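Report on the structure given below.
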Amino acid sequence: MSSLPLASTFLQSDDFIYVLYIIAFALFIQGLRGLAGPTTAVRGNRIAGVGMAIAVVATLLNKGEGNWGLIALGVALGTAVGIPAARQVKMTAMPQMVALFNGVGGGAVALISWVEFRHQGSTYGSRTLEVAHELPGGAVVGSGVAVHVGGVPTYVAIFSVFAAIVGSVSFWGSNIAFGKLQEIIPGRPISFGSAQQIVNLVLLVLALAAGVDLVAGAHSELLFIGMLVIAALLGNAVVLPIGGADMPVVISLLNAFTGLSAAATGVALNNPALIVAGMIVGASGTILTNLMAVAMNRSIPAIVAGGFGGGGAVAGAEGAGEHAGTVKSTSASDAAIQLAYASRVVIVPGYGMAVAQAQHAVRELTKELEKRGVEVSYAIHPVAGRMPGHMNVLLAEADVPYDQLKEMEDANPEFQRTDVSLVIGANDVTNPAAKNTPSSPIYGMPILEVNESRSVIVIKRSMNPGFAGIENELYYEPETSMLFGDAKSAVSEITSELEQL
Amino acid sequence: MILASTLTTNLGILVLAGFIGFVVISKVPNTLHTPLMSGTNAIHGIVLLGGLLLLGLAGLDGLSKALLVIAVAFGTINVIGGFLVTDRMLEMFKSKPKAKDEEKDNAPKGAGS
């Protein structure tokens, strides 16, 4: 900051700060647009990062700003945790890292709302003081918030309480999602059974009732803390019953929630940067969530209501009965021969590849096949792995060229002229029951039509069904052979067999 | 001249930002959804500003200060971690064979970072 009083007044003026915020929004939007294409995405993300830096600097210029030591402490703590976490996380653990980063965002919103309540809550519900907020020189301090005023408008209380509830739900829900993906908590659904939805509903009603009471002027910090705790329980109760396979949708939904709560905080604090950035994330997160749910043939309400219904097990049992006893198993050397003499091979990766960290081994296999003149491509189901694009990230890490990755719409017509489809740790996304068996719980889900190809090799650890708990009819087809084993070691074995051919 | 209240101005901003979010995202291909989720995740780290604004105020008691320091730390993790992770993910999409025809594109990028 300048030593000239005039310049420093200008730099600290609300208008100047607002202009910086406007530049920041423009950079956020431009950055998100950049994320739309693989060649512009890196730049897009950095542009958004610059926008964030400008928004932070603008905020620190605010006239009322003090407590610099504490601010430095908070930022230092966050940096000390954030940078190593982001640097060291393995690409396979990316989804849970996103969940964790999302959770702390929600936690920050809840804590901010709490502090707002501590300083303004005594005036919630006192409508007569609304006028005071609008008086010049009275309520509004900079682009910040009025703390030493007689009262705040009711809408501030409403947005603040909303942000507190949603932020707390998002914090706890994200942590549970992290725990499940990190396998600290079992991935299978944990629930109160049929009472689950009643429990969720009761918690939601209690949290809302506490919120309404606070807005109406219940000046009790204990009630506010109680509301945060109920919202925390709600976050746990909603996410715990959801199975691991639905986790990407849940993380995306919670991401949208955190965005909305940030926007609500922005309205409460009268800060346009929070409103714009939070709302953009809220809107885009909602779209993304919906896209994922559609790709999995699941509805968002069904996922939030918890787990797959009992129907899955019944349909699975039927499927197994029809096909029992016709599973053909193969060895790595047979698979190598089959692949070596194919002219076109399509690799279908799934979560099994991610868990086994087999992406580099798969890349080696591809190179070996290409040396022999085999045409290799990858068919990527939109929800293969734990998140849309999860497989792309892993394969890109292993230097697989971007143009070898085919999305489902492009890959499906090609299977008919494919000699060997190599399925690596993918299950439900290849199950023909989704097309052929109307009673199947996954009926209608778009799948990769692997069964159309001349032969199929499935690398899988065991015959255990996937997350959906359904038998895969593909495994019983005559052209399918199973190679049982860990994806990484099985693929490496095939590669070394190939080298010896 | 229309002099709207703070609330209505902010609601207007809220609605427009929502539309921008819808429009910008509906163009993103499937394959970039994970980085996109991670990128938007970093952007909602903007809540950091809320923590900075409140922590900067005078007249906070001990508990409020402690809560806000945690909030600022959380927000910082969200922002810095979010952008770094997204950057790492996206770096991987720059595949080696493509680098040949993108050399001129890569040079200014390298200089800028």
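Read-outs throughout are calculated quantities, based only on the coordinates presented, and are distinct from any laboratory measurement. All values reported here derive from a predicted model rather than from experimental measurement. Virtual Cβ from ideal backbone geometry, glycine too; neighbours counted across all protein chains shown.
Calculation over all alpha carbon pairs of the protein assembly as shown in 20 angstrom steps from 0 returns a P(r) of 20, 48, 25, 7, 0 percent. A Stokes-Einstein calculation at 25 °C with viscosity 0.890 mPa s, built on the Kirkwood radius of the range A:91-305 over Cα pairs, returns a diffusion coefficient of 138 µm²/s. For the range B:33-95, the extents of the C-alpha atoms along the principal axes are 53, 13, 13 Å, listed from largest to smallest. Using the Stokes-Einstein relation with a Kirkwood hydrodynamic radius computed over Cα pairs, the translational diffusion coefficient of the range A:1-62 at 4 °C and a viscosity of 1.567 mPa s comes to 105 µm²/s.
Rounded to whole numbers, the Karplus 3J(HN,Hα) couplings from phi for the range A:87-104 are 6, 8, 5, 6, 4, 6, 9, 4, x, 6, 5, 4, 4, 5, 4, 5, x, 5 Hz, using 6.51 cos²θ - 1.76 cosθ + 1.60 with θ = phi - 60°, and x at Gly and Pro. Extent along the principal axes, Cα only, for the range A:143-258: 51, 33, 19 Å, with the longest axis given first. Between B:ALA58 and A:ALA216, the distance separating the two model label sites (each 7 Å from Cα on the Cα→Cβ line) works out to 3.8 nm. Here the range A:34-114 is described by how far its Cα atoms reach on the three principal axes: 42, 24, 23 Å, from widest to narrowest.
In this simple spin-label approximation, A:SER496 and A:LYS328 carry label points 7 Å from Cα along the Cα→Cβ vector, and these lie 2.7 nm apart.
Here is how the number arises for chain A: DSSP H runs of 4 or more residues each give -39500 (n - 2.57), the sum is divided by the residue count, and the result at 222 nm is -19000 deg cm²/dmol.
Relative to the dominant Cα principal axis of chain A, helix A:154-181 is inclined by about 30°. Per-residue mean of foreign Cβ neighbours for A:267-275 is 5 (Cβ atoms of other chains, 10 Å radius). At an R0 of 25 angstrom, the distance between the Cβ atoms of A:LYS406 and A:LYS367 translates into a FRET efficiency of 0.85. Amide H contacts of A:LYS406: A:TYR378, A:ALA379, A:ILE380, each under 5 Å away and 5 or more positions distant or on a separate chain (H built 1.01 Å from N in the peptide plane; Pro and chain starts excluded).
The mean count of C-beta atoms from other chains within 10 Å of the C-beta of residues in B:57-64, rounded to a whole number, is 6. Exposure proxy for A:LEU73, A:LEU405: other Cβ atoms within 10 Å of each Cβ, ordered fewest to most, give A:LEU73, A:LEU405.
Annotation: amide H-H contacts under 5 Å for A:GLU375 (H modelled 1.01 Å from N, sequence separation of 5 or more, or interchain): A:ARG344, A:VAL345. For peptide A:55-65, the mean count of partner chain Cβ atoms within 10 Å of a residue's Cβ comes to 4. Amide H contacts for A:LEU35 (H built 1.01 Å from N in the peptide plane; partners 5 or more residues away or on another chain; cut-off under 5 Å): none found. If R0 is 60 Å, the Cβ-Cβ spacing of A:GLN416 and A:THR79 corresponds to a FRET efficiency of close to 0.65.
For the range A:183-199 versus the range A:351-390, the inter-centroid distance based on Cα atoms is 33 Å.
Pairwise Cα distances in the range A:383-501 exceed 26 Å in 18 percent of cases.
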